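Engineer: The structure under discussion is supplied below as structure tokens; questions concerning it will follow.
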There are 2 protein chains.
Amino acid sequence: MQQPSGLRVGICQYAPQVGEPDRNRDLGSKWINSAADQGATLVVLPELASSGYTFESEEEAARCADSAEGKTLNEWAAVCRRRSIYVVCGFAERVDDRRYNAAALLGPEGVLGVYRKAHLFNDEKSFFLPGDTGFPVFKLPFGRIGILICYDLWFPEAARVLTLRGAELLCVPTNWVANFRREAADERGWTMGDYACVGLATQNQIFVAAADRIGEERGVKFVGCSCLVGPDGSMLAGPAPVGEEALLVSPIDLDWARRARRRTPRNDTLADRRPELYAEVSAPVGDSAS
Amino acid sequence: MQQPSGLRVGICQYAPQVGEPDRNRDLGSKWINSAADQGATLVVLPELASSGYTFESEEEAARCADSAEGKTLNEWAAVCRRRSIYVVCGFAERVDDRRYNAAALLGPEGVLGVYRKAHLFNDEKSFFLPGDTGFPVFKLPFGRIGILICYDLWFPEAARVLTLRGAELLCVPTNWVANFRREAADERGWTMGDYACVGLATQNQIFVAAADRIGEERGVKFVGCSCLVGPDGSMLAGPAPVGEEALLVSPIDLDWARRARRRTPRNDTLADRRPELYAEVSAPVGDSAS
């Protein structure tokens with residue numbers, strides 16, 4: 001393969017459909033190819049892009065899940081090989097009789113790694129097990145990436161662990177449902193997910209690339225508002241429109257993440273941490289005073 | 001004293017001046033009284049409101065610092081007593097021959113507590129010692145508050161510890177200097193500090209009341225953009241204008257912070273944490289893979 005010269009991130013916002021894995025596989029391939037056509041070298045697809053989100057039964061969830069060696073990731077990895085690109089995609093993972101809300105990192109060489117969602121939202125608790133991978137960081141030719149999925153964004157510890165492990169870019173497959181203060185986006189077109197991404201980016205001096213889905217499944221509406229945020233918290237691309245398909249492709253320089261940590265000649269935001277004061281953050285439940 | 005019936009938070013945005021502690025004392029009293037006139041029952045003043053910020057020598061810093069039992073806090077506590085209110089105020093604290101960038105909680109009963117800034121920014125490292133109080137939570141008749149100061153906002157662990165200890169409102173005396181992507185605020189009038197407050201609020205389902213200063217000292221410009229953010233990340237008041245005096249007074253219902261944690265019938269954002277996955281956040285420096 002050719003080493004990517006200059007990273008270009010592609011964020012795909014579209015509507016997978018629950019219960020239609022064949023259609024979702026074709027859709028994913030189409031969007032990955034479209035992003036590659038526009039020069040993307042790393043493409044992010046939404047959460048559960050292989051399966052859709054709103055299962056009505058465990059049987060349906062089981063039928064829509066597949067292993068990391070299965071047909072969908074195999075086909076998407078083939079696109080990566082043909083186009084010499086990388087993909088981070090949400091998928092419903094089956095491992096023996098267990099299921100995870102997972103995301104895979106694919107590259108020209110195949111499946112490079114899997115992250116399993118640590119923090120499950122609402123009815124996901126009926127269909128998936130909590131992730132058992134922790135928060136892995138993947139080293140690619142252009143830099144180090146971490147993966148979070150949707151509700152994980154509301155747990156600042158997760159992005160912090162990835163940052164401490166050297167991640168420079170967080171890829172976030174997500175399915176933002178109606179947010180918790182308005183039905184969709186605010187008057188400037190941002191949903192709470194966008195604010196969460198900006199918060200994590202500026203706290204950690206890290207890029208965040210969030211690919212949200214749109215459409216409706218069984219009465220559940222998904223928002224859109226996918227975004228790319230820089231390590232200073234600035235909105236580099238997006239938020240994409242509410243409820244419309246969108247493809248955001250942007251060049252980024254991951255070295256900015258390292259530079260941004262030097263806030264002043266006397267400040268390095270990671271070296272300035274006071275971990276001895278943070279014991280409660282990782283204390284077992286019940287040890288805190290709350 | 002009368003128990004406050006219904007909390008009203010007052011956020012004071014004005015310009016203390018370095019090297020003029022007498023003037024700053026009078027200014028603080030004036031702003032606390034103005035906030036009380038408008039019905040505030042808890043008033044937040046900026047960081048280092050007693051001393052100003054941009055010291056040119058250690059001698060000047062020493063001359064501008066005072067103990068928690070000193071003249072400035074004494075006078076401001078007297079206003080609290082007269083008006084039956086509470087105040088969170090930044091001040092340069094002297095303890096024997098040590099100095100801290102601190103904030104005091106004052107009430108009708110006097111000085112109720114002190115927080116000393118854990119994360120020192122830039123030249124603060126020449127004039128102050130790192131805080132040794134950890135992150136205390138103060139129980140008041142209307143609820144539990146925590147205090148963070150300016151650069152602390154960029155360390156998500158700090159707000160998380162306060163949340164785990166039961167804080168419902170973060171009071172943030174701050175001195176936001178030109179931010180790290182633009183000179184002041186963006187096109188909608190937000191500075192990076194506002195985004196940081198929204199990020200912490202939505203991650204922790206907590207209120208954030210940030211009182212920034214304005215004005216210029218020895219070439220350093222302070223932004224303004226003080227704000228009050230709700231536990232869903234919504235901007236309840238402000239951002240106040242760039243570079244102008246402002247007084248934001250807003251009623252808030254601290255019970256909203258507790259309610260906001262139940263995102264769905266199946267989600268409690270604190271119970272959903274996975275502390276066993278967060279060990280690196282509080283690991284001693286050097287233990288992480290970074």
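The values are calculated or read from the model by the stated rules, or taken from the named source; none is laboratory data. Owing to the predicted nature of the structure, the values given are computational and were not obtained by experimental measurement. Cβ: placed from backbone, ideal geometry, glycine included. Neighbour counts: every protein chain shown.
Engineer: Only one of B:Ala103, B:Ala92, B:Ala118 is buried (at least 24 other Cβ atoms within 10 Å of the Cβ) and under 21 Å from B:Leu140 (Cβ atoms); which?
Structural biologist: Of B:Ala103, B:Ala92, B:Ala118, the one residue that is buried (at least 24 other Cβ atoms within 10 Å of the Cβ) and under 21 Å from B:Leu140 (Cβ atoms) is B:Ala103.
Engineer: Name the residue, out of B:Phe138, B:Phe142, that is within 15 Å of the chain's Cα centre (by Cα), more than 25 Å from A:Ala158 (Cβ to Cβ) and surrounded by fewer than 24 Cβ atoms within 10 Å (Cβ to Cβ).
Structural biologist: Sole residue among the options that is within 15 Å of the chain's Cα centre (by Cα), more than 25 Å from A:Ala158 (Cβ to Cβ) and surrounded by fewer than 24 Cβ atoms within 10 Å (Cβ to Cβ): B:Phe138.
Engineer: Looking at A:Pro284, is it within 23 Å of A:Leu162 (Cβ to Cβ), at pLDDT below 95 and at the interface with chain B (Cβ under 7 Å from one of its Cβ atoms)?
Structural biologist: For A:Pro284, the condition - within 23 Å of A:Leu162 (Cβ to Cβ), at pLDDT below 95 and at the interface with chain B (Cβ under 7 Å from one of its Cβ atoms) - is met.
Engineer: On the given criteria, is A:Leu73 more than 19 Å from A:Glu20 (Cβ to Cβ), of a type outside the set (Val, Ile, Thr) and in contact with a Leu (Cβ under 8 Å, 6 or more places away or on another chain)?
Structural biologist: No, not satisfied.
Engineer: What tally of residues in the range B:213-254 results from selecting those that are within 29 Å of A:Ala184 (Cα to Cα), touching a residue at least 40 places away in the same chain (Cβ under 8 Å) and among the acidic types (Asp, Glu)?
Structural biologist: Counting residues in the range B:213-254 that are within 29 Å of A:Ala184 (Cα to Cα), touching a residue at least 40 places away in the same chain (Cβ under 8 Å) and among the acidic types (Asp, Glu) gives 1.
Engineer: Identify the single condition in (1) in contact (Cβ under 8 Å) with a residue 60 or more places away in the chain; (2) of a type in the set (Val, Ile, Thr); (3) in a strand (DSSP E or B) that A:Val87 does not satisfy, given that it satisfies every other one.
Structural biologist: Unmet for A:Val87, out of (1) in contact (Cβ under 8 Å) with a residue 60 or more places away in the chain; (2) of a type in the set (Val, Ile, Thr); (3) in a strand (DSSP E or B): (1).
Engineer: Across the range B:32-55, what is the number of residues that are within 27 Å of B:Asp253 (Cβ to Cβ) and surrounded by fewer than 24 Cβ atoms within 10 Å (Cβ to Cβ)?
Structural biologist: Qualifying residue count, the range B:32-55: 6.
Engineer: Next question, about the same structure. When the residues of the range B:189-241 are narrowed to those that are of a type in the set (D, E, K, R) and buried (at least 24 other Cβ atoms within 10 Å of the Cβ), which ends up nearest to the other protein chains (Cβ to nearest Cβ)?
Structural biologist: Filtering first and then ranking leaves B:Asp194.
Engineer: Something else about it: Would you call A:Gly19 assigned to a loop (DSSP other than H, G, I, E, B) and either among the basic types (Lys, Arg) or surrounded by fewer than 22 Cβ atoms within 10 Å (Cβ to Cβ) (or both)?
Structural biologist: yes
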